[in-house]
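**Student:** Below is one structure. I have some questions about it.
The values are calculated or read from the model by the stated rules, or taken from the named source; none is laboratory data. Remember, it's a predicted structure, so these values are computed and weren't measured experimentally. Cβ placement follows ideal geometry from the backbone for every residue including glycine, while neighbour counts extend to all protein chains displayed. Quick note on the areas: whole protein, heavy atoms, side chains included, nothing else; ligands and nucleic acids left out. Shrake-Rupley method; radii C 1.70, N 1.55, O 1.52, S 1.80 Å.
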Amino acid sequence: MDIIAGLIQTAFLAGGVLALAALGEVLAERVGVVNLGVEGLMALGAVTGIAVVVATTTPWLGFLAALAVGLAVGMVFAFATVIIRANQVLSGLALTLIGTGMAATVGKAYSGTPAPAIFRPLDIPILSDLPFFGRAFFQHNILVYVIFLIVPLFLHWLMFRTRHGLNMRAVGENPAAADAAGLNVMAYRFWYTAIGAAMAAGSGAYLTLAFVPSWSEGVVAGRGWIAVALVIFAGFRPINAAGAALLFGFVTALGFVGQARNWPIAAPILSMLPYLGTIALIILPVIAWQRMRRMMAAPAALSTPYFRDTR
Amino acid sequence: MRLKLQRLHSAPPWKAFAARVLSVLLALAVTALMMAMAGIDPIDLAAQVLSATFGSSFGLEDLGLLFSPLLFTGLAVAVGLRIGAWNIGAEGQFNIGALCAAGIALFVPGPDWALLPAMIAAGALGGALWILVPTLARAYADVSELITTLLLNFVALLLVYYVATGPWLDPSGRALATTARLPVRLPEVWGIVHWGLPIALGLAVVLAVIFSVTRWGYEVRMAGSNAGSARYAGMPVRRHLIAVMLLSGALAGLGGVMEVAGTVGRLQGGISNNYGYLGIMVAVLARAAPLGVIASAFLMAVILNGGIVMQTQGLTTNTVLAMTGLILLFAAIGDELAHYRLRRLEGRN
């Protein structure tokens, strides 16, 4: 029982990285912008987080600084893809290369140093003393509650229960109609892309300030790409995205247990699991449930720039 | 008289070319500015890079060694783009190509003249197999090849790392994390530059001919620009897509063969050295034209060789990666801006 409680605990901790990045990508994709720069944004956020915490020893400042860097870089990306309407795939790949390269260049000074202060687990009074459930659900750092509870529920409410959310989705499905209805398509796309980018960078800071917690080159290790894939698997829904991230956290946790318990599988092979799992998760459902396709479909105008005069 | 900004359906070629040249210059300028802010003299550094690269035959030979893998990965990505497929898994296919070639060299006995072709065949086949699942998923289930090809890079890197440090580790115990030296080497053509370079250049020419004069090349281009009308015209779009993606994987795999059999001589983790990712930029700058790949891969090789000089200044090859990203971002923006033209409107309207 203790192992399972520990597994769930690690699943939340590891899944948090993917969840925050995936939730940000849900926002961008719902308004019609594919951001393939998540991997680079996470690297930038990760190095910003560690640099600020080394200077200030305050994890919150590191996290906020990463959000700010992500927002700024996201605005550059949104300028290119939404205002100029440059190819989104190309711009996203460029952002991944820029972010990964810059983070590694800046981060060389911090390589291998553990974060001097991290987001520590908080025990929720009474509940954390429960057998099994206490360890699995109520002994996490505060970001885990924010990422798995507050953000997904808020985004779900925003997107599916408010007028503003309806507008958001309209912009992603049919920007010409949204424009005709008087919505500012460019503003919706610009800001939600930038906010999504900020969340991606925030998840990078979560990685170096709560999960690993230290910086090294390649610390992001494809998690940005897994997050992008999870959004597809989650059918572009925030609560599903958080759930999918948790599932992935569980796969990662299983790998840890395998290494700790000396399963007769080499560590590099165990490390392949999340990548292979992601590939399976985005291919198999399409084949298995043809009928679910429409319900889980991508926004119709995804990755299509909007030109007002050609509508 | 008034001016009006008009968007053309497709960018005129000279504008697209100018946009690419500008994007490279702009990216270099931004990088120089950032270096200057970090206290490094960019002009001095550029002079060092150029003299280290072109000032001696050693520099030129090093350049040749970087040129060849970039040609292979650049061609791999470019071929995919021809039909509208993004192979960002060239990094992984490159690794698998190297793995297969090393496997043949290490464990199959035989004379060199038989082993080398076998290694080349195995590497190309391995690269093609590595992209098989993303290819079928794209062709039959419409799953985007972007993420599937990319995720397999991590699997390939881990696999090579595992093999080179585990079951295939150098039994002599002298090497820490590599296999033994391969008993077969690709012969050199000039200094330390091996046959990988002429083979890559030859492939670029062959591909250019295929895409410009054959019916197959024409159909692939049609399927890439408008799959719907190509299908309506009776072209086997799906079959072309599968063939092109497998060819793309095979080309990247070949790059891995040349790297392990020519340049490195043994299989080790990280043998791909980001060539697969840099190949994306090479292909995009060349607008997916095989002959253009020769020019852009050469440019990339010079930049990459500069990265080696930069290491003496406390920068890493990752700085080069960031700069590549900048070029790509500016190219994406320039591509779109090249669609516009200013039109004079006479009188009132």
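Here is a yes/no grid of residues against (1) within 13 Å of chain B (Cβ to nearest Cβ); (2) open to solvent by 30 Å² or more (accessible area, probe 1.4 Å):
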{"position": "A:L207", "(1), (2)": "no, no"}
{"position": "A:I226", "(1), (2)": "yes, no"}
{"position": "A:F233", "(1), (2)": "yes, yes"}
{"position": "A:R261", "(1), (2)": "no, yes"}
{"position": "A:A280", "(1), (2)": "yes, yes"}
{"position": "A:A297", "(1), (2)": "yes, yes"}
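**Student:** Further, regarding this structure: Just need a number here: residues in segment B:192-230 that are open to solvent by 40 Å² or more (accessible area, probe 1.4 Å) and within 25 Å of B:G64 (Cα to Cα).
**Tutor:** 9
**Student:** Condition first: polar (S, T, N, Q) and surrounded by 15 or more Cβ atoms within 10 Å (Cβ to Cβ). Now tell me which residues in segment B:36-54 satisfy that.
**Tutor:** Hits for segment B:36-54 are B:Q48, B:T53.
**Student:** Give just the number: which of (1) within 14 Å of chain A (Cβ to nearest Cβ); (2) in contact (Cβ under 8 Å) with a residue 60 or more places away in the chain; (3) open to solvent by less than 10 Å² (accessible area, probe 1.4 Å) does B:V320 not satisfy?
**Tutor:** (2)
**Student:** Which one is most open to solvent (accessible area, probe 1.4 Å) among residues in segment A:299-311 that are out of contact with any helix residue (DSSP H, G or I) (no Cβ under 7 Å at 6 or more places or on another chain) and modelled with pLDDT of 75 or more?
**Tutor:** A:T304
**Student:** Any idea which of A:L230, A:L254, A:L247 is at pLDDT below 90, in a helix (DSSP H, G or I) and farther than 24 Å from A:S111 by Cα?
**Tutor:** A:L254
**Student:** Against the definition (within 18 Å of the chain's Cα centre (by Cα), hydrophobic (A, V, I, L, M, F, W, C) and buried (at least 24 other Cβ atoms within 10 Å of the Cβ)), how does A:A94 come out, yes or no?
**Tutor:** So A:A94 does not fit the description; no.
**Student:** Can you confirm whether B:V143 is part of a strand (DSSP E or B) and either closer than 25 Å to A:P274 by Cβ or of a type in the set (A, V, I, L, M, F, W, C) (or both)?
**Tutor:** In short, no.
**Student:** Sticking with this one: Hey, any hits in segment A:152-165 for a residue that's more than 22 Å from A:F236 (Cα to Cα), away from every other protein chain (no Cβ under 14 Å) and not in a helix (DSSP H, G or I)?
**Tutor:** no
**Student:** Looking only at segment A:15-46, count every residue that is within 22 Å of B:L329 (Cα to Cα) and open to solvent by 10 Å² or more (accessible area, probe 1.4 Å) and tell me the total.
**Tutor:** Going through segment A:15-46 one residue at a time, the tally reaches 3.
**Student:** Return the only residue of A:A200, A:A178, A:A187, A:A104 being within 17 Å of the chain's Cα centre (by Cα) and of a type in the set (G, A, S).
**Tutor:** A:A200
The rows are residues; the columns are (1) under 30 Å from A:V286 (Cα atoms); (2) open to solvent by less than 30 Å² (accessible area, probe 1.4 Å); (3) outside any loop (DSSP other than H, G, I, E, B); (4) touching a Cys at 6+ places or on another chain (Cβ under 8 Å).
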residue: B:F94; (1), (2), (3), (4): yes, yes, yes, no
residue: B:A98; (1), (2), (3), (4): no, yes, yes, no
residue: B:A114; (1), (2), (3), (4): no, no, yes, no
residue: B:P134; (1), (2), (3), (4): yes, yes, yes, no
residue: B:T148; (1), (2), (3), (4): yes, yes, yes, no
residue: B:L186; (1), (2), (3), (4): no, yes, no, no
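One line per residue, one yes/no per condition, for (1) of a type in the set (A, V, I, L, M, F, W, C); (2) open to solvent by 20 Å² or more (accessible area, probe 1.4 Å); (3) touching a strand residue (DSSP E or B) at 6+ places or on another chain (Cβ under 8 Å); (4) more than 13 Å from every other protein chain (Cβ to nearest Cβ):
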{"position": "B:G270", "(1), (2), (3), (4)": "no, yes, no, no"}
{"position": "B:L278", "(1), (2), (3), (4)": "yes, no, no, no"}
{"position": "B:V284", "(1), (2), (3), (4)": "yes, no, no, no"}
{"position": "B:F298", "(1), (2), (3), (4)": "yes, yes, no, yes"}
{"position": "B:L304", "(1), (2), (3), (4)": "yes, no, no, no"}
{"position": "B:Q311", "(1), (2), (3), (4)": "no, yes, no, no"}
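**Student:** How many of the residues in segment B:150-184 are assigned to a loop (DSSP other than H, G, I, E, B), away from chain A (no Cβ under 13 Å) and not small (G, A, S)?
**Tutor:** Qualifying residue count for the region: 8.
**Student:** Failed condition for B:L28, given (1) touching a Phe, Trp or Tyr at 6+ places or on another chain (Cβ under 7 Å); (2) assigned to a helix (DSSP H, G or I), with all others met?
**Tutor:** Condition (1) is where B:L28 drops out.
**Student:** Same structure, new question: Identify the single condition in (1) open to solvent by less than 10 Å² (accessible area, probe 1.4 Å); (2) not in a helix (DSSP H, G or I) that A:R85 does not satisfy, given that it satisfies every other one.
**Tutor:** Condition not satisfied by A:R85: (1).
**Student:** Another one. Of the residues B:R239, B:R231, B:R266, which single one is in contact with a Ser or Thr (Cβ under 9 Å, 6 or more places away or on another chain) and not β-branched (V, I, T)?
**Tutor:** Every option except B:R266 fails the conditions.
**Student:** Quick check on segment B:323-344: of everything there that is buried (at least 18 other Cβ atoms within 10 Å of the Cβ) and of a type in the set (D, E, K, R), which residue is farthest from the other protein chains (Cβ to nearest Cβ)?
**Tutor:** B:D335
**Student:** Another one. With the structure loaded, tell me whether B:G59 is open to solvent by less than 50 Å² (accessible area, probe 1.4 Å) and at pLDDT 95 or above or whether it fails that test.
**Tutor:** So B:G59 fails the test.
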